[in-house]
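A short worksheet on the structure shown next.
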Amino acid sequence: MARRVASTTGSADLDARKATILEAVVTEHIDTAQPVGSSSVATNADLSVSPATVRSEMVALERDGYLAQPHTSAGRVPTDKGYRYFVDHLSEASVGSSQQRQISEFFAHVRGEVEDVLEQTSTLLSELTNYTSVVVGSGHSRATILSAQLVNLDANHQLLVSVFSDGAVTKHSLFTNYTASPSDVTEASRQLHALLLGTSLESRVQVPSRTDTVASLVREAVALLHAVAPTVDGEQVFIGGSSRVAEAFDGVETVRKVLAILEQELLVVSLVQDVLDSGSAVAIGSENAYEPLASCALIVAPVTIDGQRAGAVGLLGPTRMKYREALAAAQLVSEQLSRHLLREDERV
């Protein structure tokens, strides 16, 4: 599978008339999926010029790589360069009031472990936009520990509950071959929290060497947390509305290749990371890191907690996707998800 490097090079500014014509072509093509003619642009765009003048400008835009003509008798369609100019010059858009209410109500009522919230968020985002959604929760080996507590279940069974700065909460059973009283567990929990607060799963901490029950509980809890680290590390990927891929693309082979990529979690994470690292919110067509996505656009918005990246939400669709609406939806959902995860941390 050939890999490409996502481009973040912006196009040179067009004069006002060419920019208006390009925007009209992109907008109409997104709505109709058909090549756009000069007569349609002259009629619908805010231009006081003849179709012949529009046609001349469209020829110039084609020559400069912003438009393409699929057939000699057809109108023009945007190229990746044309879509890039359109996206880079979009005015800010907001989500419609009904969608805002849907998002607000969702985050006001959603509950459960982080994984459950991320999965439900992927479904929400797909329903809002009718595109395939991607929600990535970052691995938390580098996230700092906000809380580490031992909960007494019985004399030989404690529950280790850890809360991380990326919103993740882990629970693991600690079984001992010695008896621990409730007061022992309470004191061990206090010491454990003080020892681990602000550290990460990659940190090495100085555990007590004493042999009393409290010290043994602390030592075994730290060992347990590091022992299970590989199972709680690694990004979590949730795909919403994967069936929408079939609706978005005409070619059966394109659908098959896109679905094959969505089944590979590491590849999805890599694609999302490439967009975030590029400094752009959108990868269009050939800008995508993998050739099978050359007919796709990927929109990504980061999820952050206390200034740290804790994942991302994204939308995958055809290059003629409704960028303004999709960008606004992804951004609002990422902001609300960030706030929700932060509130969950504070509750704990």
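We did not get these values from a lab; they are worked out from the coordinates using the rules stated. Bear in mind the structure is a predicted one, so any value in this text is a computation, not a measurement. All Cβ positions, even for glycine, are placed from backbone atoms using ideal geometry, and neighbour counts span all protein chains on display.
Obtain the radius of gyration and the Kirkwood radius of the stretch 16-88 from its C-alpha atoms and give Rg over Rh. Write down the numbers at each step before the final one.
Values: Rg = 10.7 Å, Rh = 11.7 Å.
Reported Rg/Rh (Cα atoms, Kirkwood Rh): 0.91.
Per-residue ellipticity at 222 nm for the chain, helices alone: DSSP H runs ≥ 4 residues times -39500 (n - 2.57), over residue total, nearest 500 deg cm²/dmol? Write out the running numbers ahead of the final one.
Working: 13 runs with 164 residues, N = 348.
Only helices count here, giving -15000 deg cm²/dmol.
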Problem set entry | Longest to shortest principal axis, alpha-carbon extents of the stretch 145-232, angstrom | 34, 24, 20
Exercise. Over the stretch 145-232, what is the relative contact order in whole percent, taking alpha-carbon pairs under 8 Å and six or more residues apart?
Worked result: 27
Seminar exercise, completed: Share of Cα-Cα pairs in the stretch 13-164 beyond 21 Å, whole percent, is 64
Exercise. Suppose every K and R has +1 on its Cβ and every D and E has -1 on its Cβ; what is the size of the dipole of the stretch 234-301 about the Cα centre, in Debye to the nearest 20?
Worked result: 140
For this session: Name the aspartates and glutamates eligible as straight-distance cross-link partners of LYS257: C-alpha to C-alpha under 13 Å, and not fewer than 8 places from it in the same chain.
Result: GLU291
Problem set entry | Principal-axis tilt of helix 323-347 within the chain, Cα atoms, nearest 10 degrees | 10
For this session: Among THR176, PHE86, VAL134, pick out the residue whose Cα is farthest towards the positive end of the charge dipole of the chain, where Lys and Arg carry +1 and Asp and Glu carry -1 on C-beta, about the Cα centre.
Result: PHE86
For this session: Positive end of the charge dipole of the chain (Lys, Arg +1 and Asp, Glu -1 on Cβ, about the Cα centre): tell me which of PHE107, LEU192, VAL95 has its Cα farthest that way.
Result: VAL95
Seminar exercise, completed: So the angle from the long Cα axis of helix 16-32 to the longest Cα principal axis of the chain, reported in degrees to the nearest 10, equals 70
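Just to be sure I understand: if I project the alpha-carbon convex hull of the chain onto a plane and average over all orientations, what area do I get in nm²? Intermediate results must be reported in sequence, preceding the final value.
Working: hull surface 83.0 nm².
The number I arrive at for the chain is 20.7 nm².
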Problem set entry | Relative contact order of the stretch 87-216, defined on C-alpha pairs under 8 angstrom at six or more residues apart (%) | 20
For this session: Using amide H atoms built 1.01 Å from N in the peptide plane, name the residues 5+ places from VAL134, or on other chains, whose amide H lies under 5 Å from its own.
Result: GLY240, GLY314, LEU315, LEU316
Seminar exercise, completed: Quick calc, the stretch 16-88, dipole around Cα centre from Cβ unit charges on Lys, Arg (+) and Asp, Glu (-), nearest 20 debye, gives 220
Seminar exercise, completed: In degrees, nearest 10, the alpha-carbon axis of helix 265-278 is tilted away from the dominant principal axis of the alpha carbons of the chain by 70
Exercise. Taking Cα pairs under 8 Å and at least six residues apart, what relative contact order does the chain come out at, in percent?
Worked result: 22
Exercise. Where the only charges are on Cβ atoms (+1 Lys, Arg; -1 Asp, Glu), what is the dipole of the chain about its Cα centre, to the nearest 20 debye?
Worked result: 300
Seminar exercise, completed: Given the candidates LEU150, ALA246, THR43, the one whose Cα lies deepest towards the positive end of the charge dipole of the chain, counting +1 at each Lys or Arg C-beta and -1 at each Asp or Glu C-beta, is THR43
